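First comes the structure, then the notes that go with it.
The values are calculated or read from the model by the stated rules, or taken from the named source; none is laboratory data. Computed from a prediction, not measured in an experiment: that's the story for all the values here. Virtual Cβ from ideal backbone geometry, glycine too; neighbours counted across all protein chains shown. For accessibility, only protein heavy atoms count, side chains too; no ligands or nucleic acids. Shrake-Rupley method; radii C 1.70, N 1.55, O 1.52, S 1.80 Å.
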Amino acid sequence: MRNFGNVALGLLGAAALAKAASDVHDLKKDTFQPFVEEHDLVLAEFFAPWCGHCKALAPEYEEAATTLKEKDIALAKIDCTEEAELCQSYGVEGYPTLKVFRGPNNVSPYSGQRKAQAIVSYMTKQGMPAVSVIDKDTIEDFKTADKVVLVGYFAADDKTSNETFSSVASGLRDSFLFGATSDAALAKAEGVKQPAIVLYKTFDEGKNTFEETFDKTAIEHFAKTSSTPLIGEVGPETYAGYMAAGLPLAYIFAETAEERDELAKTLKPLATKHKGKVNFATIDAKAFGQHAGNLNLEAGKWPAFAIQETAKNQKFPFDQSKKMTEKNVGKFVDDFLAGKVEPSIKSEPIPEKQDGPVTVIVAKNYEEIVMDDNKDVLVEFYAPWCGHCKALAPKYEELAALYANNPSYSKRVTIAKVDATLNDVPDEIQGFPTIKLFRAGDKSSPVDYSGSRTIEDLANFVKENGSHKVDA
């Protein structure tokens, strides 16, 4: 057995060496502007030393900095406990905040994941034009420049295809690398006819081809669906991407990596059959088993399968008493797509009467109350265990009374709340409390509340954003 002291000393020595050789630039107020002026592209992390998320990011950020140094893309960090004025000037409100700089005045938020590979991929895309011109000497390297790249094959004088492809690339440049070639010989070698798009990827079948009419929406759909693994994995780094994909997500819950791999092989034919209609993904039941409850599955009973209709936040749990075979799950997915499976709705009983000024919503009366097109409806989505929700409760009651006790106001405004842990609601709620205003005449676009939780500020929010402009 190796001596622990020697190992620890070795680790400390390695850490000290890594710190001394850091490729992340530590910037101050007087060095920040000259640095971003000197470099064409900079990713800056605004952090606080005590921040746990910042500490978790640090090794990933260091690794990315070393890789990106070779591409002449600089990574920097700013300690906001020492440089508060600088951080405030760029609107930093939480840690870590990452921003992309192309000079001091051209700033955009970093919207990638906080892993080294993801940072490298994202910043590499930022360092390239929306569409790179490629030829016979560069095409092979470009195909493997990232996990997913798209290459457009069309004639130089085909303005329509060029413009459409460039428009798609501009909108999706944060997600994918785009290249284009007008060399007919390269298209022939690839086995496609101009105009066409080939998506190259480092997983599944390796590539997909788009040879339909060059329509922006169709190309965007092709890019998003073809770039999603047949059976990926749901986790903190991928969840948002699956939610944004716009397709139903089929979860495969299992406790061990071996069991997840085995189930993925078993269900792969279904993922292939329904590609572009349903995304399939495994999920670690040990780490994220509590999410099964959100899908109306019985947590702890593994393996398990459920489909979430992400657009409507509807849940379709597979019968956990049945074995997860390709045949059984296949029939369930077929029935789901055919509209033969009713969504599982978790709901408390509808209150026999509304006792207080705050209207209590449950899943079974959500539509009736929230979607009342004649009223502005302010809804608090809360959890019983949430400390912030408990602190808000008495103020929310007072706010509701301002409207409930005035007959003129109560006809036009409802202040309501719903326990989002016990009732299924159409919106995916990320944190508690979440407050949304559903305006009269415009229920499809609720307005999120992000202000301070005072009675005055909430009342002003209803007045300024509600259709009826009620001033309580």
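If you take just the helices (runs of 4 or more DSSP H) that sit entirely in segment 104-196, which of them hold at least 3 residues that are open to solvent by 50 Å² or more (accessible area, probe 1.4 Å)?
159-172, 184-190
Consider Lys469 against the criteria (1) among the basic types (Lys, Arg); (2) surrounded by 20 or more Cβ atoms within 10 Å (Cβ to Cβ); (3) free of Cβ contacts under 8 Å to residues at least 12 places away in the same chain: it satisfies all of them except one. Which criterion is unmet?
Among (1) among the basic types (Lys, Arg); (2) surrounded by 20 or more Cβ atoms within 10 Å (Cβ to Cβ); (3) free of Cβ contacts under 8 Å to residues at least 12 places away in the same chain, Lys469 violates only (2).
Counting residues that are among the charged types (D, E, K, R) and in contact (Cβ under 8 Å) with a residue 24 or more places away in the chain, which helices (runs of 4 or more DSSP H) fully inside segment 311-412 reach at least 2?
By residue number, 387-404.
Answer with yes or no whether Ile307 is assigned to a strand (DSSP E or B), open to solvent by less than 60 Å² (accessible area, probe 1.4 Å) and more than 22 Å from Val341 (Cα to Cα).
no
Hey, any hits in segment 75-89 for a residue that's over 15 Å from Asp26 (Cβ atoms) and buried (at least 17 other Cβ atoms within 10 Å of the Cβ)?
no
With the requirement that a residue be among the acidic types (Asp, Glu), outside any helix (DSSP H, G or I) and more than 20 Å from Cys389 (Cβ to Cβ), what does segment 417-472 give you?
Within segment 417-472, Asp442, Asp471 qualify.
Taking Arg260 and the conditions (1) farther than 30 Å from Asp427 by Cα; (2) among the basic types (Lys, Arg); (3) not assigned by the TED database to the domain that holds Ala156, which numbered condition does it fall short on, given that it satisfies the others?
Result: Arg260 passes all but (1).
Identify, please: which residue in segment 91-103 is out of contact with any Asp or Glu (no Cβ under 8 Å at 6 or more places or on another chain) and of a type outside the set (Gly, Ala, Ser) and is, among those, most open to solvent (accessible area, probe 1.4 Å)?
Only one residue tops the list, namely Glu93.
For segment 65-78, what are the residues that are assigned to a helix (DSSP H, G or I) and under 18 Å from Val36 (Cβ atoms)?
The answer is Ala65, Leu68, Lys69.
In the set Gly356, Gly330, Gly293, which member is surrounded by fewer than 17 Cβ atoms within 10 Å (Cβ to Cβ), in contact with a helix residue (DSSP H, G or I) (Cβ under 9 Å, 6 or more places away or on another chain) and modelled with pLDDT under 95?
Gly356
For segment 87-103, name all the residues that are touching a residue at least 40 places away in the same chain (Cβ under 8 Å) and either in a loop (DSSP other than H, G, I, E, B) or not aliphatic (A, V, I, L, M) (or both).
The answer is Cys87, Tyr90, Val92, Tyr95, Pro96, Thr97, Lys99, Phe101, Arg102, Gly103.
Just to check your reading of the model, which residue among Glu258, Glu233, Glu262, Glu237 is over 11 Å from the mean Cα position of the chain (by Cα), within 28 Å of Val151 (Cα to Cα) and charged (D, E, K, R)?
Glu233 is the lone residue from the list that is over 11 Å from the mean Cα position of the chain (by Cα), within 28 Å of Val151 (Cα to Cα) and charged (D, E, K, R).
I'd like to check which strands (runs of 3 or more DSSP E) are fully inside segment 205-281 and have at least 1 residues that are in contact with a helix residue (DSSP H, G or I) (Cβ under 7 Å, 6 or more places away or on another chain) and either open to solvent by 60 Å² or more (accessible area, probe 1.4 Å) or more than 23 Å from Arg173 (Cα to Cα) (or both).
Counting at least 1 such residues, we get 231-234, 249-254.
Rundown of residues vs (1) at pLDDT 95 or above; (2) open to solvent by 40 Å² or more (accessible area, probe 1.4 Å), yes/no style:
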position: Val370; (1), (2): yes, no
position: Asn374; (1), (2): yes, yes
position: Leu392; (1), (2): yes, no
position: Glu398; (1), (2): yes, yes
position: Thr414; (1), (2): yes, no
position: Glu428; (1), (2): no, yes
position: Leu437; (1), (2): yes, no
position: Ala440; (1), (2): yes, no
position: Val447; (1), (2): no, no
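Considering only segment 333-343, state which residues are at pLDDT 95 or above and open to solvent by less than 90 Å² (accessible area, probe 1.4 Å).
Matches in segment 333-343: Val333, Asp334, Asp335, Phe336, Leu337, Ala338, Gly339, Val341.
Restricting to segment 2-50, what's the tally of residues that are at pLDDT 90 or above and open to solvent by less than 60 Å² (accessible area, probe 1.4 Å)?
16
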